[in-house]
Amino acid sequence: MPRTAPIFHFNSERSMLVEQTIDRVCSHTRDPLHALNDAAYWEIRRLESSKRKRDQAELAEWRSLSRKLSRMTDAQRRERLRTLVATYAGDIAGNFDPRVYGLTTRILPSLVTGLLAPGSLPGKLRHPQDLLRLDAIADKVVVEGDTARLRKLAERGTLVFVPTHASNMDSIVFGFALELSGLPPATYGAGKNLFTNPILSFFMQNLGAYKVDRRLRFELYKDCLKSYSCVLLERGYHSLFFPGGTRARSGAVEAKLKLGLAGTGIESYVRSLRAGSERKVFFVPATINYLITLEAETLIADYLSEAGKARFIIEDDESSRLSRVVAFVRKLFTMRGAVVVRFGAPLDPFGNAVDDEGHSLDARGRVVDTSSFVRDVTGEVSVDADRDAQYTRELAQGIVSAYRKNTVVMATNIVAAACFEQLRQQAPGADLFTVLRIRDQKVPRDALARLVLERRDALRALEKTGDVILAEHVRDTSGGDILAQAMSAFEGYHTSPVIEAQPDGIVLRDPKLLLYYQNRLSRHGLAFDPEAPTRNPRNTNAGAA
Amino acid sequence: MKPPSVGVLGGGPWGLALARAATHGPCETWLHSRRQQDADVPGVRVTRELAELAQCRLILVAVPSNLARSVASELGHHLDGSHVVVHGIRGLSGPELTTVSQIFREETPARRLGALGGPVQADELAAGRPSAMVVASEFAEVAAAVRDALQSDRLQIQAIRDLRGLEWASALVGCLSIGIGYGQARGDVSAGLLAALISRAVDEAATIAVAAGADENTFYGLGGYGDLLASMALVDRPEVVLGRELANGVGLAEAREKARLRVEAVELVPRVVAFAKLNGVDCPIMNAIAAILDGSGDAAPITRALFRG
């Protein structure tokens, strides 16, 4: 990858980006009193529950500000606003260290492979040039999709990658995928909590991540984030957003997206048009598919616990425990095709398809002037927040549909779906939690292999209509082989066995993890969908229909 | 600044009425019609070229529902993303019950789409009698453009966001109007019973449409109830005529002739029933209308439906 992408010059531009963000936020904050009051309210609320000394000092400061605000002049409030925004913008802006980037993308994969699979290390050391090659992970992380087209588009505009989000490994894996495909690196917003994660923070700090503090809930902070992201896009920084907002707890492919940052795509495009230098923005949906997921156990437990649904930040999952990460990576690197990153067809910020040259296309494939979507009835390019919010909702529908079509089905998904169906048949009509309590159900191996095959064939039919993708290792494989692949993937990573082979059949040991892995297919109608709406809540006779 | 022009596509009574209404507004008005107009509409420029019509940024489409796709497909060649396209077409197309705005989404580059609905009648609009209509669009600027072009002291326009809901409401009101004509013509259906049936029918229609992603509130507003109430008084509404004729024992083919205009609801009712069944929605009134249409039922199932559950 030629080192021409703007991110390679990030450090020299950093202060300018931060300054521009501060100017923008301050200039469009119409009512500083309201903005500061709102920030004070949320911050006092957050800090009151903390016992930490630093937080207590901060709390006192906010309380004092809150008391003084009404007596301050507008100029004083604006000054205070600027100081605050400067703090946030400075905090958000991250680092990008080209040396670390080079190290992680070129040497580290081989090194990690070597360290985790000690057998191969002596060989690698005898041929040190191998350490500089990405081939070592090339067959572990498989990249699919029209990357040639994306490389062309990267030269014609700003790429915004919007992948599915299942694991804290995602940004690292995605970074590798970009490098493997000759695509430029992308900057991204990562939860600030990840920067305190000893394992991940090194990567986060230096791979172009900016910090998102999810504890800060007030508008002013969100405004800082959006403005920073918008400034980056305008300056041509290819970006990465996880529009699911957080890792999918259930294991399913996201159906609902958070749109805040995605909306900056239109804003940056409109700003470039109005400045007389059109810079197009291309959204690239992608799926990151794992044979096994690092945090599967924590995520599904969190999904299932009512309290968990509100728990947005998990500080203590597998990704913060070195032994788990090592076990996971070791597992990953022993299996071919264990991770598949698949790029979908790019979209413009309005959700239209685009061609190789970056022209917007309508549903009939005609080229349409992209700027026409932001022209009002008088033909002028206009800024219209209401209009752009609707376009962004429609873009989100396009992304969700791309997720579904580009989901890469792994052996673990198919086997879990077949197993979970067996569990449900043990308790017909029972609710999810009853099914999850079924322990150690035994299914004859041949019968299970047959069910797996049936499901795979149904998926193959879906693949023919373009509604899903099968991983290479399951497309033309027998049911028994798919079952064996899944068992060997599960084995040795999860703390307790998911399914277990016994002489007289397969024992279904962990219904929760089976639910987690089968959920990946729930949007395709080929696995139980715990989130399917009750058929029609308004209709009392629905059950009988 | 010169106000943008408005183009009306369709030279039937509804299209002419919209064009007339637009002449009361500030915009230059164009009408695309393939028919030889008997009389020119004062203040309206008539064209036969879609390319010329596409000079207008706001386009109101008023063609019969069975022509929606072919018209959209042709129009699509002349539009770009800056056009605002609003249709006044009652109907849901094909077994998938595709809305007309979805057809325009599929066939044209226009994204800012909307629909007109509500109780307003073509003749009232054309004659400039006070009336009310609904415009629905997910884009606020679409509703604003329609209001700018059409709203006057004689035409009140209510704007809602629920485009899908309004399109479903308009189509289902067409279906239910057959039931109204039928009920009115039956000696054994009293005014009170008819009112009860209508209330129940609106609730049922809302439940069906919610399964299709609509907002139920749309059905209880001008685009649902409002539109249906107009059917009570409109003895010449084709759907009402058809229902009345069927109640009088006339066969479906003959009843359709008497209705004069094409009643799309005849084909729509069984498709709605199938959709409801697929989605687990109980719809006794729609079932009863389907039975009336295929000749297998009479008023009894409708009244029975009312007292079920």
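A few remarks follow.
- Selection status of A:Asp384, within 14 Å of chain B (Cβ to nearest Cβ), on the phi < 0 side of the Ramachandran plot and at pLDDT below 95: yes
- Number of the exception - B:Lys277 against (1) within 14 Å of another protein chain (Cβ to nearest Cβ); (2) outside any helix (DSSP H, G or I): (2)
- Filter result for A:Ser360 (closer than 19 Å to B:Leu58 by Cα and within 9 Å of chain B (Cβ to nearest Cβ)): no
- Test: residue in the stretch A:428-445 that is of a type in the set (Val, Ile, Thr) and exposed (fewer than 15 other Cβ atoms within 10 Å of the Cβ): yes
- Tally of residues being surrounded by 16 or more Cβ atoms within 10 Å (Cβ to Cβ) and either out of contact with any Leu (no Cβ under 9 Å at 6 or more places or on another chain) or more than 23 Å from A:Ala275 (Cβ to Cβ) (or both) across the stretch A:383-392: 5
- B:Ala214 within 23 Å of B:Lys277 (Cβ to Cβ), under 17 Å from the mean Cα position of the chain (by Cα) and not assigned by TED's automatic domain parsing to the domain that holds B:Ser93: yes
- Condition check for B:Gly243: in the same structural domain as B:Ala209 (by TED's automatic domain parsing) and either closer than 15 Å to B:Gly181 by Cα or without any contact (Cβ under 8 Å) to a residue 12 or more places away in the chain (or both): yes
- Selection of helices (runs of 4 or more DSSP H) fully inside the stretch A:216-331 by the criterion of at least 2 residues being among the hydrophobic types (A, V, I, L, M, F, W, C) and farther than 24 Å from A:Phe433 by Cβ returns A:219-234, A:264-274.
- For the stretch A:355-372, the set of residues classified as in contact with a helix residue (DSSP H, G or I) (Cβ under 7 Å, 6 or more places away or on another chain) and either of a type in the set (A, V, I, L, M) or surrounded by 22 or more Cβ atoms within 10 Å (Cβ to Cβ) (or both) consists of A:Ser360, A:Ala363, listed by residue number.
- Qualifying positions in the stretch B:160-196 - over 12 Å from the mean Cα position of the chain (by Cα) and without any contact (Cβ under 8 Å) to a residue 60 or more places away in the chain: B:Arg161, B:Asp162, B:Gly187, B:Ser190, B:Ala191, B:Gly192, B:Leu194, B:Ala195
- Every residue from the stretch B:105-119 that is in contact with an Asp or Glu (Cβ under 9 Å, 6 or more places away or on another chain), crowded, with 24+ Cβ neighbours inside 10 Å and not in a loop (DSSP other than H, G, I, E, B): B:Arg112, B:Leu113, B:Gly114, B:Ala115, B:Gly117
- Inside the stretch A:427-446, residues that are modelled with pLDDT under 90, more than 17 Å from A:Leu513 (Cβ to Cβ) and assigned to a helix (DSSP H, G or I) make up a count of 1.
- Residue match in the stretch B:46-53 (condition: more than 27 Å from A:Ser371 (Cα to Cα) and in contact with a Leu (Cβ under 9 Å, 6 or more places away or on another chain)): yes
- Conditions (1) in the same structural domain as B:Asp294 (by TED's automatic domain parsing); (2) surrounded by fewer than 24 Cβ atoms within 10 Å (Cβ to Cβ): number failed by B:Asp153: (1)
- From the list B:Gly187, B:Gly165, B:Gly213, the one residue that fits, being assigned to a loop (DSSP other than H, G, I, E, B), away from every other protein chain (no Cβ under 13 Å) and farther than 15 Å from B:Leu242 by Cβ, is B:Gly187.
- All told, A:Asp362 falls short of being touching a strand residue (DSSP E or B) at 6+ places or on another chain (Cβ under 8 Å), among the acidic types (Asp, Glu), touching a residue at least 12 places away in the same chain (Cβ under 8 Å) and in the same structural domain as A:Ala396 (by TED's automatic domain parsing).
- Filter pass, B:Glu124 being within 20 Å of the chain's Cα centre (by Cα), within 14 Å of another protein chain (Cβ to nearest Cβ) and acidic (Asp, Glu): no
The values are calculated or read from the model by the stated rules, or taken from the named source; none is laboratory data. Every value quoted in this text rests on a predicted model; they were computed, and no experiment measured them. Neighbour counts are summed over all protein chains in view; Cβ atoms, including those assigned to glycine, are modelled from backbone coordinates with ideal geometry.
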